[in-house]
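One structure is given here, and the rest of the page talks about it.
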Amino acid sequence: MFQTLIPIRATVLLGLALTTPNFAQQVGPLPPSADPTLNVGSVGAQPVAGGNLALGGSSGFDNFNRADGPLGADWTPMVNNFEIRNNQFSNVGSVNGWSLYNAATSLYENAVIEFDLTRNPAGLAYGAAITGGGGSDNTFTKIQGSANYTNVGFYHGSNAGSIGGYGGFFTITPVTGGRVRVYVTNGGDTMNADIDEDIDGVFEYHYESSGLLSSGLVPLMGDGVGLGSFSDVGPVDNFSANGAGPEPVLQVTEIVPDQFITFDISNMDSGSTAVLVLSSVGPGPTVTPYGEIEVSLPWRRTPLFPADANGVVNFTSTLPPGASGATFYMQAVEFKDDATTSLTNSLVVPLP
């Protein structure tokens with residue numbers, strides 16, 4: 001079966017609409033023997049586990065910036081085991097596998113999954129996006145290579161190859177790494193994989209495979225999303241489901257006792273505004289329309305501050321006389337242009 005592989009050197013428009021490629025070519029898939037990972041514990045249809053069937057969609061983000069060890073409650077290993085290693089999502093060995101992301105759901109035709117590849121892996125490695133998890137089968141779309149990434153696989157299960165005329169293993173323009181975006185078009189029939197090699201917001205390369213609707217795979221899928229990788233030399237990073245980005249971060253950057261305190265809120269959208277709430281009473285939680293805020297009432301609230309072009313709010317507030325020795329509990333809310341909100345981390349700050 002022929003598939004369209006379209007390398008692009010052009011700007012990506014919003015809404016996943018791509019500019020016209022400079023060139024396109026019809027190429028057939030490589031034989032299964034061309035993919036060495038197919039011989040290392042690939043698994044076909046999965047038992048029903050995790051995810052929920054046809055519940056709609058939500059978004060989530062994980063940058064894995066936490067201590068080495070288990071992935072945590074947001075992840076369920078489905079095939080083989082994964083861990084946090086050096087602030088990345090890492091396979092524990094040279095085997096195939098994937099983990100389900102518990103904090104978001106999306107029907108396969110609506111899901112947009114992004115992740116970062118390890119730059120120039122020291123051995124055979126891949127990063128894979130999973131959609132349709134939680135049913136008895138799922139999509140498994142990967143970018144693979146050693147030193148450079150040289151192949152795309154449009155697969156199912158856990159690296160289980162093509163199914164029912166859909167998918168296969170294809171040669172791509174070599175890249176050193178980059179950000180991968182996986183999504184479906186053409187009424188649910190075509191899986192797409194884009195690569196932004198420089199991670200500058202421009203996805204230079206686009207590859208696709210059609211035939212999902214006639215493959216027999218779609219009725220078997222749920223609405224879970226996830227991430228896979230092969231070997232511990234090719235961890236992946238910065239997983240995003242449906243456009244979610246890093247949560248805003250609240251920091252206290254300076255305290256001068258009995259004079260002033262300086263706050264910094266980063267990782268915001270450039271068009272957002274933020275408000276800080278602060279109390280000396282306790283850590284809450286207080287239920288609000290924006291989620292549970294870990295600050296007890298009564299609290300003080302700042303005006304709305306606009307983020308700068310870098311998505312940062314920085315401001316200084318005077319401290320009341322005699323505040324030294326008190327403990328402040330604080331958290332901020334980001335108000336975005338699309339009318340959604342995000343909570344920062346909460347802070348407990350003893351005043352010197």
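The values are calculated or read from the model by the stated rules, or taken from the named source; none is laboratory data. Keep in mind it's a predicted model, so treat the numbers as computed, not measured. Cβ sites come from the backbone with ideal geometry, for glycine too, and all protein chains shown count toward neighbours.
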> Somewhere in the range 151-161, is a residue touching a Leu at 6+ places or on another chain (Cβ under 9 Å), aliphatic (A, V, I, L, M) and within 21 Å of S231 (Cα to Cα)?
Replying inline: yes
>> Test of understanding: among V275, V249, V295, which residue is in contact with a Lys or Arg (Cβ under 7 Å, 6 or more places away or on another chain) and closer than 11 Å to Q331 by Cα?
In response: V275
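Do any strands (runs of 3 or more DSSP E) entirely within the range 177-257 hold 2 or more residues that are within 16 Å of the chain's Cα centre (by Cα), and if so, which? If you could, list the steps in order and put the result at the bottom.
Details: elements: 178-185, 190-196, 205-210, 224-230, 237-241, 249-256.
Those strands (runs of 3 or more DSSP E) span 178-185, 190-196, 224-230, 237-241.
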>> Residues that are crowded, with 20+ Cβ neighbours inside 10 Å, touching a Gly at 6+ places or on another chain (Cβ under 6 Å) and not β-branched (V, I, T): does the range 234-241 have at least one?
In response: yes
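Would you pick out the residues in the range 259-273 that are under 14 Å from T316 (Cα atoms) and surrounded by 14 or more Cβ atoms within 10 Å (Cβ to Cβ)? Spell out how you get there, then give the answer.
Of the residues in the range 259-273, the ones under 14 Å from T316 (Cα atoms) are 259-265.
Passing the criteria: I261, T262, F263, D264, I265.
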> Could you count how many residues in the range 158-176 are in contact with an Asp or Glu (Cβ under 7 Å, 6 or more places away or on another chain) and within 19 Å of E114 (Cα to Cα)?
Replying inline: 2
> In this structure, does V275 turn out to be part of a loop (DSSP other than H, G, I, E, B), under 18 Å from S346 (Cβ atoms) and among the β-branched types (V, I, T)?
Replying inline: no
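Every residue, every condition in (1) over 15 Å from S158 (Cα atoms); (2) of a type outside the set (S, T, Y); (3) in a strand (DSSP E or B), yes or no:
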| site | (1), (2), (3) |
| --- | --- |
| P77 | no, yes, yes |
| E83 | yes, yes, yes |
| S94 | no, no, no |
| S99 | no, no, yes |
| Y108 | yes, no, no |
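Could you tell me whether any residue of the range 259-275 is of a type in the set (D, E, K, R) and outside the structural domain of T340 (by TED's automatic domain parsing)? Even if it seems obvious, please write down each step before you answer.
Within the range 259-275, the first condition is being of a type in the set (D, E, K, R), and the residues that meet it are 264, 269.
Okay, now just the ones that are also outside the structural domain of T340 (by TED's automatic domain parsing), so none.
No, the range 259-275 contains no residue that is of a type in the set (D, E, K, R) and outside the structural domain of T340 (by TED's automatic domain parsing).
Considering only residues that are hydrophobic (A, V, I, L, M, F, W, C) and under 16 Å from Y183 (Cβ atoms), look in the range 218-258 and name the one that is modelled with the lowest pLDDT. Step through it out loud before you land on a result.
Filtering the range 218-258 for residues hydrophobic (A, V, I, L, M, F, W, C) gives 218, 220-221, 225, 227, 230, 233, 236, 239, 241, 244, 249-250, 252, 255-256.
Filter once more, so that each one left must be under 16 Å from Y183 (Cβ atoms): 218, 221, 225, 227, 239, 241, 244.
Details: V218: 96, M221: 95, V225: 96, L227: 97, F239: 95, A241: 91, A244: 73.
Among them, the one singled out is A244.
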> Checking A339 against (1) within 14 Å of S272 (Cβ to Cβ); (2) touching a Ser or Thr at 6+ places or on another chain (Cβ under 8 Å), which test does it fail?
Replying inline: (2)
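Given the options N110, N86, N65, N120, name the one that is at pLDDT below 90, surrounded by fewer than 24 Cβ atoms within 10 Å (Cβ to Cβ), more than 12 Å from the chain's Cα centre (by Cα) and of a type in the set (S, T, N, Q). Spell out the reasoning first.
Working: N110 fails: at pLDDT below 90; N86 fails: at pLDDT below 90; N120 fails: at pLDDT below 90.
From the options N110, N86, N65, N120, the qualifying one is N65.
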